[in-house]
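Here's the structure, in structure tokens; my notes come after.
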Amino acid sequence: MSKASSNTLRQGETQRVALTLNGRVRSGLCETRDLLSDFIRHELGATGTHVGCEHGVCGACTVHIDGVAARSCLMLAVQVQGRRVDTVEGLAPDQTLGDLQQAFQRHHALQCGFCTAGILMSCADYLQRVPDPTEEQVREMLSGHLCRCTGYTPIIAAVLDVAARRKQRNESPEAVHA
């Protein structure tokens, strides 16, 4: 048997995948063809990650992989071996809402909630990279998500609110002396 064929899994065989999920080392079994979104939900129990289109179009399955937003329905579970994956559950590890989640609540930026987890993950990633976005920039970022309920206006307001509050906090005299 050649070396290449000895490392190949046959259909139905499973492989253990170990990763850091929301700050905790976790592992589970999957087939090499299993999607990351399914692995996260069904094997690891992080059901906040939603699966909508399974084609990367709707954005409901967005997670962070090594700190960068990615569509979990477009990745195989085996691709995250040894990597860090954060889901919406990781935004509130101590069971208190983060500032972005609070802003979504304040601005009524969710209705049915199906798309909310993915949008929150994209917004969190975006605000890390673009801490002071314009409304147009937020609209552009959100164009990668489908939401049938909100009309996006409250989501945009929430993101801009968080950006403004973070900027104010960082520019306050208390922040300089902290």
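The values are calculated or read from the model by the stated rules, or taken from the named source; none is laboratory data. Being a predicted model, the structure only gives us computed values, none of them experimental. Every residue, glycine among them, receives a Cβ derived from its backbone with ideal geometry; neighbour counts consider all protein chains shown.
For segment 33-47, how many residues are surrounded by fewer than 20 Cβ atoms within 10 Å (Cβ to Cβ) and either of a type in the set (Gly, Ala, Ser) or assigned to a loop (DSSP other than H, G, I, E, B) (or both)?
The number of residues fulfilling the criteria is 4.
Which of (1) more than 15 Å from the chain's Cα centre (by Cα); (2) closer than 21 Å to Gly12 by Cα does Cys53 not meet, given it meets every other one?
Here Cys53 meets the rest and fails (2).
Can you pull out the residues in segment 129-148 that are free of Cβ contacts under 8 Å to residues at least 24 places away in the same chain and either assigned to a helix (DSSP H, G or I) or hydroxyl-bearing (Ser, Thr, Tyr) (or both)?
Across segment 129-148, the qualifying residues are Arg129, Thr134, Glu136, Gln137, Val138, Arg139, Glu140, Met141, Leu142, Ser143.
Pull out all pairs, ordered by first then second residue, where Cβ-Cβ is under 7 Å, the residues are six or more apart or on different chains, the first lies in segment 149-163 and is surrounded by 18 or more Cβ atoms within 10 Å (Cβ to Cβ), and the second is acidic (Asp, Glu) and assigned to a helix (DSSP H, G or I).
Close Cβ pairs (under 7 Å, with a partner that is acidic (Asp, Glu) and assigned to a helix (DSSP H, G or I)) amount to Ile156/Glu135; Leu160/Glu135; Val162/Asp99.
Give the residue, chosen from Gln81, Gln105, Gln128, Gln137, that is surrounded by fewer than 21 Cβ atoms within 10 Å (Cβ to Cβ) and in the same structural domain as Glu54 (by TED's automatic domain parsing).
On inspection, the qualifying residue turns out to be Gln81.
Taking Thr96 and the conditions (1) of a type in the set (Ser, Thr, Tyr); (2) assigned to a helix (DSSP H, G or I); (3) more than 15 Å from His145 (Cβ to Cβ), which numbered condition does it fall short on, given that it satisfies the others?
If we test Thr96 against (1) of a type in the set (Ser, Thr, Tyr); (2) assigned to a helix (DSSP H, G or I); (3) more than 15 Å from His145 (Cβ to Cβ), just (2) comes out false.
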